[in-house]
Amino acid sequence: MFISISSKIIALIIALVLLCASGFLLLSMREHEGIYKNTLFSHISISADNLAQDLLPLMDVEQDRFEISSKLLNLGEFPLVSYALVYDKSWRLVEQYYSESLMTSHVELPVLPPFNVQSISVGNSLHDGQLVSLTTIGDESYILGYLLIVCEYQKPLTQSNWNLIVNSMPLALGILTVMFLVAVWLGKYLLRPLTQLTEFTQKIKNSSNYSQRFEHMGHDEVSFLSDNINAMLSRIEHQDVQHQKFAEDLIQQRLDIEHMGNFDALTNLPNRKFFMDVLRSQLVKAKRNKNNLMVLFLDLDHFKSINDSLGHKAGDELLLKVVEVIKIQLREEDVLARLSGDKFLILLTDVNEDIVYIAIKIAERIIKSLENSFEVMELTVQTGVSIGIADAISSEYSSESIISNADIAMYQAKEMGRNTYALFKSQLHALSLRRMLISNALVKALEQEEFEIHYQAKVGINNQVNGLEALIRWKSCFDGAISPQEFIPVAEKSGRIMAISRWVISHVFRDFQAIQKMSDTPIIVSLNLSAYDVSDEKLVPFIITQLQLYSVNPQLVEFEITESAYLDNFDKADTFFSQIRQLGFLIALDDFGTGYSSMSYLTRLDINTLKIDQYFVKSLDSSDKDKLIIDSIIGLAHKLKLNVCAEGVETIGQKEYLIGHGCEQMQGYYYSKPCHLNELMAHISEINGHSPLIINGVKDSNLRG
Ligand code: C2E
Ligand code: CA
Ligand code: CA
């Protein structure tokens, strides 16, 4: 608790004044008491002596008690006299006097005096707060009697003292007030520099600003104290500046050491340690949020030979230039680190699900950017880069695994002929990763015209082509040809199938007229539809516009749909196909026999053709049971007045069996593989027996015997 000096001084002065005043009062009271006592004693002595003189003539043998009593009554003038007793020389009580106050204050008077009168000496003395005066009546050598006068002493003295106090009180209070004001003034004006100094030191304590100084004029203790404080502040300020500089140096040194520990000296890129630290924390985050992240492992191609032939200096210069080029291809949040020599790592973190696609795009950009040659020590140098890509999910969010997986993929890229990239594919995640890749790549595939239509012939029992099945082909930019069996299900799941189906319909309709010209007899062109297409309400209007645009005869177009796609969405498929039928198109049930055990639904479908699945055709040569199934399918179809087309016919034996058992139409490698429109004419002519099948100048002898 803070108590200021000025309040202490005020308290001290007041205490001192009070002490002095009390002392003074006490002394005054002593003095007053002495004067009072002496005055009273002399007064009583004189009165007693006078009264004794008056009593002397009355104390002879014939004592005149009446006279004595009347003399004693004169004592009534002295209000302090309580009582008086007159004794003869033998101490026999002669007469007494009692004051009025004594008489009224007692119902019954006590025995007076309360002490042995003979034991006290002549003169004045004090007994129990009363003044006792004993005087001899007559000369000492001839004593006729004694006069005892007893006066009130203590009570009047106390009263008198009290009166003294009361009378001196206003003066005492006045002095006290003046002293208090003086003390306050002292505290305020005399101690002001000290208070200011206190505030100044407090300010320094709070701000830690040691450059401030206390200004005080004069030659007293405060100026001496402020000079000393100012001197101390100067020293502290000096030391503080030095200390700060020292601390800054230390921090800089620590940062330098940290930088050396985390960054590569040549390229100033993060080093392996730093990269691993970031990778580990990002992996934890990605795992928690169920996100993926990618690591790209880069290894420059032919760097060693450049280093060996042109020297390390040239190698370093090349590395610096390569780093600058790579940096441009990255986004701000990507981390590029130098692992060692010509090996680099890139970390891509993104909540975007297309992160695999982004990684591939970045890898492609880096490869492309390094295709240009570099100027190194006035020489033109060509390098390239092999990139391995690994993702966190396949690497089970382990930092070591993801780096080693990216490394493995990088070696794969080197094996693939360098200057390319490879994705690490673990057994576990290859499929989902690839699906993700396909799904992302499909977006661009349509725009970049990566799809094509191939046609496969369908042949009647007269060995003439009477139909073609349009089958989509995809030459992907990232993995070459990808089978529709692989990408169609992905397109269905990612909702991209509808756009693909439209693309197919539009292209097949566009080819329609050209196809019809390839044969003397009409050719029915089949297209495959997916289960998702039948739910697409805008597809029928689209088909109608395309029909009109390319003047297609709907009676020569057949839509193929698998029985499961039809039956799983029965209502929607039924609505869709009834509209299609009304337009004049034909409908075929694809892959028949694989899905549903009960065939009773067949009566409810308004279709034209059943396509027997290739599985049954393939097993014709080996399984008698499958022969039975084919016989039944053909029999059932005919009873329902449906045409039958057998898929996957590869041998003459299969063909002959099918024809022998009433199958109207066949499709398979025995006749022709699916081919581009440009080659179709040759295929049709070959099958129809007009001219030999020549593709790229070589007769395809594998196809038919
Ligand atoms: P699918 O409709 O059953 O088509 C027949 C598949 O069997 C084709 O495979 C064809 O090349 C193949 N094939 C034909 N003859 C033989 C043969 O003798 N032996 C063997 N081993 N195979 C033969 P592709 O072209 O790979 O198509 C696979 C599947 O992809 C198709 O089966 C179809 O379901 C789907 N697909 C193809 N193109 C499209 C399309 O444009 N749209 C839709 N939605 N699906 C399509
Ligand atoms: Ca088909
Ligand atoms: Ca089929």
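R0 = 60 Å: FRET efficiency of Gln159 with Asn230, Cβ-based, nearest 0.05?
Working from the Cβ atoms, E equals 0.40.
Which listed residue (Val111, Asn528, Asn678) has the Cα farthest towards the positive end of the charge dipole for the chain, taking +1 on Lys and Arg C-beta and -1 on Asp and Glu C-beta about the Cα centre?
Going by the charge dipole, the pick is Asn678.
By a straight-distance test (C-alpha under 24 Å), which lysines pair with Lys343 as possible cross-link partners, with residues fewer than eight away in the same chain excluded?
Lys273, Lys304, Lys313, Lys321, Lys327, Lys361, Lys368, Lys414, Lys425
For each pair in Lys572/Lys673; Lys458/Lys639; Lys475/Lys655, compute the distance between the two Cα atoms and list the pairs where it is over 25 Å.
Lys572/Lys673; Lys475/Lys655
Taking GluC sites (Glu not before Pro) as candidate sites, keep only those in a DSSP loop with at most 14 other Cβ atoms within 10 Å, then name the longest stretch of the chain containing none of them.
With GluC sites (Glu not before Pro) excluded where exposed in loops, the chain gives 538-705 as its longest stretch.
Between Met377 and His676, 0.36 nm times their residue separation minus their Cα-Cα distance comes to what?
102.4 nm
List the residues whose amide H sits under 5 Å from the amide H of Gly138, counting only those 5 or more places along or on another chain, with H placed 1.01 Å from N in the peptide plane.
Under 5 Å from the amide H of Gly138 lie the amide H atoms of Leu144, each far enough along the sequence or on another chain.
Which angle from 0 to 90°, rounded to the nearest 10, does the C-alpha axis of helix 154-185 make with the longest principal axis of the chain?
Computed tilt is about 40 degrees.
Roughly how many Å² is the accessible area per residue of segment 1-79, as a whole number, for a 1.4 Å probe?
Each residue of segment 1-79 exposes 70 Å² on average to a 1.4 Å probe.
To the nearest 10 degrees, how steep is helix 539-549 against the longest Cα principal axis of the chain, on a 0 to 90 scale?
With rounding to tens, the tilt is 40 degrees.
Using a 1.4 Å probe on the protein heavy atoms, what percent of the accessible area of the chain belongs to carbon and sulfur?
On the chain, the fraction of accessible area on carbon and sulfur atoms equals 56 percent.
Under a straight-distance cross-link criterion of Cα-Cα below 19 Å, which aspartates and glutamates are reachable from Lys89, leaving out those fewer than 8 residues away in the same chain?
Asp49, Asp54, Asp60, Glu62, Asp64, Glu67, Asp139, Glu140
For the Cα atoms of the chain, what angle does the longest principal axis make with the long axis of helix 399-415, in degrees from 0 to 90, nearest 10?
Value to nearest ten degrees: 30.
Spelling out what I want: for every residue of segment 261-277, take phi, set θ = phi - 60°, compute 6.51 cos²θ - 1.76 cosθ + 1.60 (Karplus), and round to whole Hz; glycine and proline get x.
Once rounded to whole Hz, the list reads x, 10, 10, 7, 5, 6, 8, 6, 7, x, 9, 4, 4, 4, 4, 5, 4.
What number comes out for accessible area per residue over segment 387-538 if the probe is 1.4 Å? Units Å², please.
It amounts to 44 Å² per residue over segment 387-538.
Taking the Cα centre of the chain as origin, work out the dipole magnitude from +1 charges on Lys and Arg Cβ and -1 charges on Asp and Glu Cβ, in debye rounded to 20.
With Lys and Arg at +1 and Asp and Glu at -1, about 2200 debye.
Please check the chain for the longest run free of trypsin sites (Lys or Arg not before Pro) that are loop-located per DSSP (anything but H, G, I, E, B) and have at most 12 other Cβ atoms within 10 Å.
The answer is 93-289.
I'd like to check one number: the per residue accessible area of segment 131-199, probe 1.4 Å, reported in Å² as a whole number.
Value returned for segment 131-199: 59 Å² of accessible area per residue.
Give the cross-link partners of Lys517 among the aspartates and glutamates, using a straight C-alpha distance below 19 Å as the criterion and excluding same-chain residues fewer than 8 apart.
Glu469, Glu558, Glu679, Glu686
The values are calculated or read from the model by the stated rules, or taken from the named source; none is laboratory data. The structure presented is a predicted model; accordingly, all values stated were derived computationally and were not measured. Neighbour counts run over all protein chains shown; Cβ positions are idealised from the backbone, glycine included. Accessible surface areas use protein heavy atoms only, side chains included; no ligands, DNA or RNA. Shrake-Rupley method; radii C 1.70, N 1.55, O 1.52, S 1.80 Å.
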